[in-house]
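The values are calculated or read from the model by the stated rules, or taken from the named source; none is laboratory data. Not measured: the values here are computed from a predicted model. Heads up, the Cβs are rebuilt from the backbone with ideal geometry, glycines too, and the neighbour counts pull from every protein chain shown. These area figures cover heavy atoms from the full protein model, side chains too; ligands, DNA and RNA do not enter into them. Shrake-Rupley method; radii C 1.70, N 1.55, O 1.52, S 1.80 Å.
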Amino acid sequence: MSLLNEENSFYNTDLLDLLKDSNEAVLPYKRIRFRRNQKILTEGEETTYFYVIGDGVVSMSKNTCKEDSIITFLGKNDAIGPLTMLGGAKSPVNYTTISEVSVYQFERKYVLGKFLSSPDVFWQMNTLMQSMIQPILEREAYVNLPSNEKVLAGLIACGERFGRIESDGSCLIPYYFTQKILGNYLNLARAYVATNLRKLEEEGIITLSPKPWRINDFSIQKQKLNTTYKTYL
(Lines give C-alpha, C1' and ligand atoms only; values in the text may rest on other atoms or scores of the structure.)
Protein backbone atom coordinates (compact mmCIF):
# COMPACT_ATOMS: atom_id res chain seq x y z
CA MET A 1 0.00 0.00 0.00
CA SER A 2 1.39 3.40 -1.01
CA LEU A 3 1.89 5.77 1.89
CA LEU A 4 1.67 8.79 -0.42
CA ASN A 5 -1.95 8.21 -1.44
CA GLU A 6 -3.43 9.68 -4.61
CA GLU A 7 -6.39 10.82 -2.51
CA ASN A 8 -6.65 11.57 1.18
CA SER A 9 -9.60 9.36 2.09
CA PHE A 10 -9.88 11.11 5.46
CA TYR A 11 -10.12 14.61 4.00
CA ASN A 12 -13.50 15.82 5.21
CA THR A 13 -15.07 18.51 3.04
CA ASP A 14 -18.41 18.44 4.88
CA LEU A 15 -17.29 19.52 8.35
CA LEU A 16 -17.37 23.26 7.71
CA ASP A 17 -20.79 23.09 6.04
CA LEU A 18 -22.11 21.13 9.02
CA LEU A 19 -20.84 23.69 11.52
CA LYS A 20 -21.91 26.75 9.52
CA ASP A 21 -25.45 25.41 9.17
CA SER A 22 -27.38 27.15 11.93
CA ASN A 23 -30.90 28.45 12.54
CA GLU A 24 -29.59 31.11 14.90
CA ALA A 25 -29.93 34.75 13.89
CA VAL A 26 -26.27 35.38 14.69
CA LEU A 27 -23.58 33.56 12.72
CA PRO A 28 -22.12 30.72 14.81
CA TYR A 29 -18.55 31.63 13.88
CA LYS A 30 -16.06 34.46 13.53
CA ARG A 31 -13.54 34.86 10.72
CA ILE A 32 -10.04 35.53 12.07
CA ARG A 33 -6.82 36.18 10.19
CA PHE A 34 -3.32 35.37 11.43
CA ARG A 35 0.06 36.51 10.16
CA ARG A 36 2.94 34.10 9.64
CA ASN A 37 4.55 32.56 12.75
CA GLN A 38 1.60 33.22 15.06
CA LYS A 39 0.34 30.69 17.60
CA ILE A 40 -3.33 29.75 17.27
CA LEU A 41 -3.16 27.28 20.15
CA THR A 42 -0.28 26.64 22.54
CA GLU A 43 0.64 23.27 24.02
CA GLY A 44 -0.89 22.97 27.49
CA GLU A 45 -3.39 25.76 26.86
CA GLU A 46 -7.09 25.39 27.61
CA THR A 47 -9.42 26.85 25.03
CA THR A 48 -13.14 27.36 24.56
CA TYR A 49 -12.80 27.47 20.78
CA PHE A 50 -12.70 25.10 17.84
CA TYR A 51 -11.24 26.22 14.51
CA VAL A 52 -11.55 25.21 10.88
CA ILE A 53 -8.92 26.52 8.48
CA GLY A 54 -10.29 28.59 5.62
CA ASP A 55 -6.98 29.32 3.87
CA GLY A 56 -3.28 28.94 4.58
CA VAL A 57 -1.06 26.37 6.28
CA VAL A 58 -0.59 25.62 9.98
CA SER A 59 2.02 23.40 11.63
CA MET A 60 1.15 21.02 14.45
CA SER A 61 4.15 20.65 16.77
CA LYS A 62 5.36 19.43 20.16
CA ASN A 63 7.66 21.36 22.48
CA THR A 64 11.20 20.00 22.81
CA CYS A 65 14.29 21.16 24.70
CA LYS A 66 15.53 22.88 21.53
CA GLU A 67 13.10 23.80 18.76
CA ASP A 68 9.55 22.59 18.34
CA SER A 69 9.23 19.29 16.50
CA ILE A 70 6.65 19.57 13.72
CA ILE A 71 4.37 16.54 13.58
CA THR A 72 2.33 17.46 10.52
CA PHE A 73 0.84 20.33 8.55
CA LEU A 74 -2.79 21.38 8.29
CA GLY A 75 -4.50 23.23 5.47
CA LYS A 76 -7.86 24.28 4.06
CA ASN A 77 -10.86 22.63 5.80
CA ASP A 78 -8.67 20.95 8.45
CA ALA A 79 -9.74 21.27 12.10
CA ILE A 80 -7.70 22.82 14.90
CA GLY A 81 -8.64 21.70 18.39
CA PRO A 82 -10.48 18.35 18.09
CA LEU A 83 -8.49 17.08 21.10
CA THR A 84 -9.80 19.93 23.24
CA MET A 85 -13.46 19.23 22.52
CA LEU A 86 -14.16 17.90 26.00
CA GLY A 87 -14.46 20.33 28.90
CA GLY A 88 -11.21 21.17 30.65
CA ALA A 89 -9.07 19.51 27.97
CA LYS A 90 -5.70 21.12 27.27
CA SER A 91 -4.16 21.20 23.85
CA PRO A 92 -1.47 18.49 23.63
CA VAL A 93 0.23 20.29 20.73
CA ASN A 94 1.04 23.73 19.33
CA TYR A 95 -0.71 25.06 16.25
CA THR A 96 1.42 27.72 14.55
CA THR A 97 0.86 29.49 11.25
CA ILE A 98 3.61 29.09 8.66
CA SER A 99 1.79 31.23 6.11
CA GLU A 100 -0.91 33.85 6.40
CA VAL A 101 -3.96 31.96 7.62
CA SER A 102 -7.69 32.60 7.90
CA VAL A 103 -9.83 30.47 10.21
CA TYR A 104 -13.43 30.01 11.21
CA GLN A 105 -13.63 30.23 15.00
CA PHE A 106 -16.53 28.39 16.67
CA GLU A 107 -17.42 28.09 20.34
CA ARG A 108 -16.39 24.65 21.56
CA LYS A 109 -19.79 24.04 23.19
CA TYR A 110 -21.56 24.86 19.93
CA VAL A 111 -19.39 22.40 17.98
CA LEU A 112 -19.87 19.65 20.54
CA GLY A 113 -23.63 20.19 20.43
CA LYS A 114 -23.58 20.01 16.64
CA PHE A 115 -21.65 16.76 16.70
CA LEU A 116 -23.90 15.16 19.29
CA SER A 117 -27.04 16.13 17.38
CA SER A 118 -25.72 14.79 14.07
CA PRO A 119 -26.69 11.25 12.96
CA ASP A 120 -23.14 10.94 11.62
CA VAL A 121 -21.47 11.88 14.92
CA PHE A 122 -19.30 8.75 15.02
CA TRP A 123 -18.23 9.22 11.42
CA GLN A 124 -17.41 12.88 12.02
CA MET A 125 -15.30 12.17 15.11
CA ASN A 126 -13.58 9.24 13.42
CA THR A 127 -12.76 11.40 10.42
CA LEU A 128 -11.27 14.11 12.63
CA MET A 129 -9.05 11.63 14.46
CA GLN A 130 -7.95 9.84 11.30
CA SER A 131 -7.10 13.12 9.59
CA MET A 132 -4.65 13.77 12.43
CA ILE A 133 -3.24 10.25 12.68
CA GLN A 134 -2.64 9.46 9.00
CA PRO A 135 -0.05 12.22 8.30
CA ILE A 136 1.76 11.37 11.55
CA LEU A 137 2.05 7.72 10.53
CA GLU A 138 3.30 8.79 7.12
CA ARG A 139 5.99 10.96 8.68
CA GLU A 140 7.12 8.13 10.96
CA ALA A 141 7.30 5.73 8.01
CA TYR A 142 10.35 7.46 6.55
CA VAL A 143 12.17 8.19 9.81
CA ASN A 144 14.86 5.60 8.97
CA LEU A 145 15.45 6.73 5.40
CA PRO A 146 18.87 8.15 4.46
CA SER A 147 18.83 11.90 5.00
CA ASN A 148 18.68 12.83 1.28
CA GLU A 149 15.68 10.54 0.73
CA LYS A 150 14.10 11.78 3.95
CA VAL A 151 14.39 15.38 2.70
CA LEU A 152 12.86 14.36 -0.63
CA ALA A 153 10.05 12.53 1.19
CA GLY A 154 9.29 15.66 3.19
CA LEU A 155 9.28 17.82 0.07
CA ILE A 156 6.96 15.42 -1.73
CA ALA A 157 4.58 15.28 1.23
CA CYS A 158 4.42 19.09 1.31
CA GLY A 159 4.15 19.36 -2.46
CA GLU A 160 1.42 16.76 -2.74
CA ARG A 161 -0.79 18.54 -0.24
CA PHE A 162 0.08 22.21 -0.77
CA GLY A 163 2.10 22.47 -3.98
CA ARG A 164 1.15 23.32 -7.55
CA ILE A 165 1.65 20.96 -10.48
CA GLU A 166 3.03 22.72 -13.56
CA SER A 167 2.44 21.83 -17.22
CA ASP A 168 5.87 20.17 -17.44
CA GLY A 169 4.98 17.74 -14.61
CA SER A 170 7.05 19.51 -11.96
CA CYS A 171 5.66 20.57 -8.59
CA LEU A 172 6.25 24.01 -7.06
CA ILE A 173 6.71 24.01 -3.27
CA PRO A 174 5.17 27.07 -1.53
CA TYR A 175 7.84 29.54 -0.41
CA TYR A 176 6.90 29.27 3.29
CA PHE A 177 8.27 25.70 3.48
CA THR A 178 11.76 26.88 4.43
CA GLN A 179 14.87 24.89 5.35
CA LYS A 180 14.10 25.53 9.01
CA ILE A 181 10.48 24.36 8.70
CA LEU A 182 11.57 21.28 6.78
CA GLY A 183 14.26 20.50 9.36
CA ASN A 184 11.81 20.78 12.27
CA TYR A 185 9.43 18.46 10.41
CA LEU A 186 12.09 15.84 9.62
CA ASN A 187 14.10 16.17 12.85
CA LEU A 188 17.16 17.20 10.87
CA ALA A 189 19.53 20.07 11.56
CA ARG A 190 19.17 22.93 9.11
CA ALA A 191 22.71 22.32 7.82
CA TYR A 192 21.77 18.72 6.90
CA VAL A 193 18.66 19.96 5.11
CA ALA A 194 20.70 22.51 3.13
CA THR A 195 23.36 19.91 2.20
CA ASN A 196 20.82 17.37 1.03
CA LEU A 197 18.79 19.91 -0.90
CA ARG A 198 21.96 20.77 -2.85
CA LYS A 199 22.63 17.06 -3.40
CA LEU A 200 19.12 16.54 -4.74
CA GLU A 201 19.59 19.52 -7.04
CA GLU A 202 22.90 18.14 -8.34
CA GLU A 203 21.08 14.90 -9.16
CA GLY A 204 18.46 16.84 -11.12
CA ILE A 205 15.64 15.79 -8.80
CA ILE A 206 14.82 19.31 -7.60
CA THR A 207 15.51 22.89 -8.67
CA LEU A 208 16.26 25.41 -5.92
CA SER A 209 16.74 28.61 -7.90
CA PRO A 210 14.86 30.65 -8.80
CA LYS A 211 12.42 30.21 -5.92
CA PRO A 212 10.02 28.60 -5.24
CA TRP A 213 11.67 25.19 -5.00
CA ARG A 214 10.60 22.78 -7.71
CA ILE A 215 10.41 18.97 -7.68
CA ASN A 216 11.11 17.84 -11.25
CA ASP A 217 9.02 15.01 -12.75
CA PHE A 218 6.90 14.95 -9.62
CA SER A 219 4.88 11.79 -10.33
CA ILE A 220 8.04 9.84 -11.19
CA GLN A 221 9.83 10.95 -8.02
CA LYS A 222 6.77 10.09 -5.95
CA GLN A 223 6.59 6.59 -7.45
CA LYS A 224 10.30 6.01 -6.80
CA LEU A 225 9.84 7.09 -3.20
CA ASN A 226 6.90 4.73 -2.72
CA THR A 227 9.15 1.89 -3.86
CA THR A 228 11.83 3.03 -1.41
CA TYR A 229 9.29 3.09 1.43
CA LYS A 230 8.63 -0.62 0.95
CA THR A 231 12.33 -1.30 1.45
CA TYR A 232 12.46 0.47 4.80
CA LEU A 233 9.14 -0.61 6.32
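The table below gives the values:
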{"quantity": "Condition met for Val143 (among the hydrophobic types (A, V, I, L, M, F, W, C) and open to solvent by 20 Å² or more (accessible area, probe 1.4 Å))", "calculated": "yes"}
{"quantity": "Answer residue from segment 153-165, given it is at pLDDT below 95 and open to solvent by 10 Å² or more (accessible area, probe 1.4 Å) and is nearest to Thr195 (Cα to Cα) among those", "calculated": "Ala157"}
{"quantity": "Top-ranked residue of segment 83-126 - restricted to ones that are over 20 Å from the mean Cα position of the chain (by Cα) and of a type in the set (Ser, Thr, Tyr), ranked as modelled with the lowest pLDDT", "calculated": "Ser118"}
{"quantity": "Every pair of residues 6+ apart whose Cβ atoms lie under 6 Å, when the first sits in segment 144-161 and is at negative phi while the second is modelled with pLDDT under 90 and buried (at least 22 other Cβ atoms within 10 Å of the Cβ)", "calculated": "Lys150/Tyr142; Ala153/Tyr142"}
{"quantity": "Of all residues in segment 166-177 being surrounded by fewer than 15 Cβ atoms within 10 Å (Cβ to Cβ) and not charged (D, E, K, R), the one that is nearest to Thr96 (Cα to Cα)", "calculated": "Tyr175"}
{"quantity": "Number of the condition not met by Asn126 [criteria: (1) out of contact with any helix residue (DSSP H, G or I) (no Cβ under 6 Å at 6 or more places or on another chain); (2) open to solvent by less than 40 Å² (accessible area, probe 1.4 Å); (3) farther than 24 Å from Glu45 by Cβ]", "calculated": "(2)"}
{"quantity": "Leading residue by the ranking (most open to solvent (accessible area, probe 1.4 Å)) among those in segment 196-220 that are free of Cβ contacts under 8 Å to residues at least 12 places away in the same chain and farther than 22 Å from Arg161 by Cα", "calculated": "Glu202"}
